[in-house]
Amino acid sequence: MKAQFWSIDAVFAMVIFTGAMLILSIVWLGVSNQFSSEYSYGVGAMQFQLIGLVQKLQSQGTPPNWDSVLVSGSHGSTILFRNATVGLEYGNSGELSVNKIIALEALSNINYQATKQILGVGYDYYIRFYSSQYNMSIGMNPIVGNAVAIQTATVPVILNNGQSASMQVMVWTNTSFGVS
């Protein structure tokens, strides 16, 4: 008689355990799917901004001499662009202007947040120009900023001094795309 009583308890415990595992699995699947969709949306937005940034950098900018129309604010801390957009192309040559690269680097060093707006990125950015003779960086390094997600594009470019180089553009974030 005791053996039958024990087996009923074991069956009852197995039913409760199986039900709890089933509920836990359903909840876990829901959270996992939500995290996955949030993450893929965030990565997609980063990729979209990366493509736009690369295209913008390879354009001439408006006006073509935007680097000479910069006006610093009254305290020198804000940069005002009067109907200007940033592009690094030198004329319509397909080459990138070293002077424009230096101007963008200076802007980024003075007011990084303003350059994010001017470049049209909501995430942080980091741009590197490198070759055997160049190694120039613009923006905030993702390693220093403890990046969680990085999207990168590397494009071969020719500078207006005739040298070939690589332009590596990164859009990154140090925040999670997960469920908040």
Members of the range 48-62 that are surrounded by 16 or more Cβ atoms within 10 Å (Cβ to Cβ) and part of a helix (DSSP H, G or I): GLN49, LEU50, LEU53, VAL54, LYS56, LEU57
How about the range 129-151: which of its residues are hydroxyl-bearing (Ser, Thr, Tyr) and surrounded by 14 or more Cβ atoms within 10 Å (Cβ to Cβ)? TYR130, SER131, TYR134, SER137
Here are the criteria: (1) at pLDDT 90 or above; (2) among the β-branched types (Val, Ile, Thr); (3) surrounded by 14 or more Cβ atoms within 10 Å (Cβ to Cβ); (4) in a loop (DSSP other than H, G, I, E, B). Tell me which single one VAL121 does not satisfy. (1)
Would you pick out the residues in the range 153-180 that are closer than 16 Å to LEU57 by Cβ and surrounded by fewer than 14 Cβ atoms within 10 Å (Cβ to Cβ)? THR154, VAL155, PRO156, SER166
List, please: which pairs have Cβ atoms under 6 Å, are six or more places apart or on different chains, and start with a residue in the range 144-168 that is within 17 Å of GLY87 (Cβ to Cβ) and end with one that is in a strand (DSSP E or B) and polar (S, T, N, Q)? ILE158/SER164
Kindly establish whether ASN141 is in a loop (DSSP other than H, G, I, E, B) and at pLDDT below 90. no
Taking ALA114 as the residue in question, decide whether it is surrounded by 15 or more Cβ atoms within 10 Å (Cβ to Cβ) and either without any contact (Cβ under 8 Å) to a residue 40 or more places away in the chain or more than 16 Å from GLN49 (Cβ to Cβ) (or both). yes
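Could you run through the range 96-111 and say how many residues are surrounded by fewer than 17 Cβ atoms within 10 Å (Cβ to Cβ) and either over 24 Å from the mean Cα position of the chain (by Cα) or among the aliphatic types (A, V, I, L, M) (or both)? Even if it seems obvious, please write down each step before you answer.
Step one: list which residues in the range 96-111 are surrounded by fewer than 17 Cβ atoms within 10 Å (Cβ to Cβ), which gives 99, 102, 106, 109-110.
Checking which are either over 24 Å from the mean Cα position of the chain (by Cα) or among the aliphatic types (A, V, I, L, M) (or both) leaves us with 99, 102, 106, 110.
Qualifying residue count, the range 96-111: 4.
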Identity of the residue in the range 124-138, in contact (Cβ under 8 Å) with a residue 12 or more places away in the chain and either out of contact with any strand residue (DSSP E or B) (no Cβ under 6 Å at 6 or more places or on another chain) or assigned to a loop (DSSP other than H, G, I, E, B) (or both), that ends up farthest from LEU50 (Cα to Cα): GLN133
If we ask which residues in the range 80-95 are under 21 Å from MET140 (Cα atoms) and either surrounded by 19 or more Cβ atoms within 10 Å (Cβ to Cβ) or at pLDDT 60 or above (or both), their number turns out to be 4
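The values are calculated or read from the model by the stated rules, or taken from the named source; none is laboratory data. Computed from a predicted model, the values in this text were never measured in an experiment. All Cβ positions, even for glycine, are placed from backbone atoms using ideal geometry, and neighbour counts span all protein chains on display.
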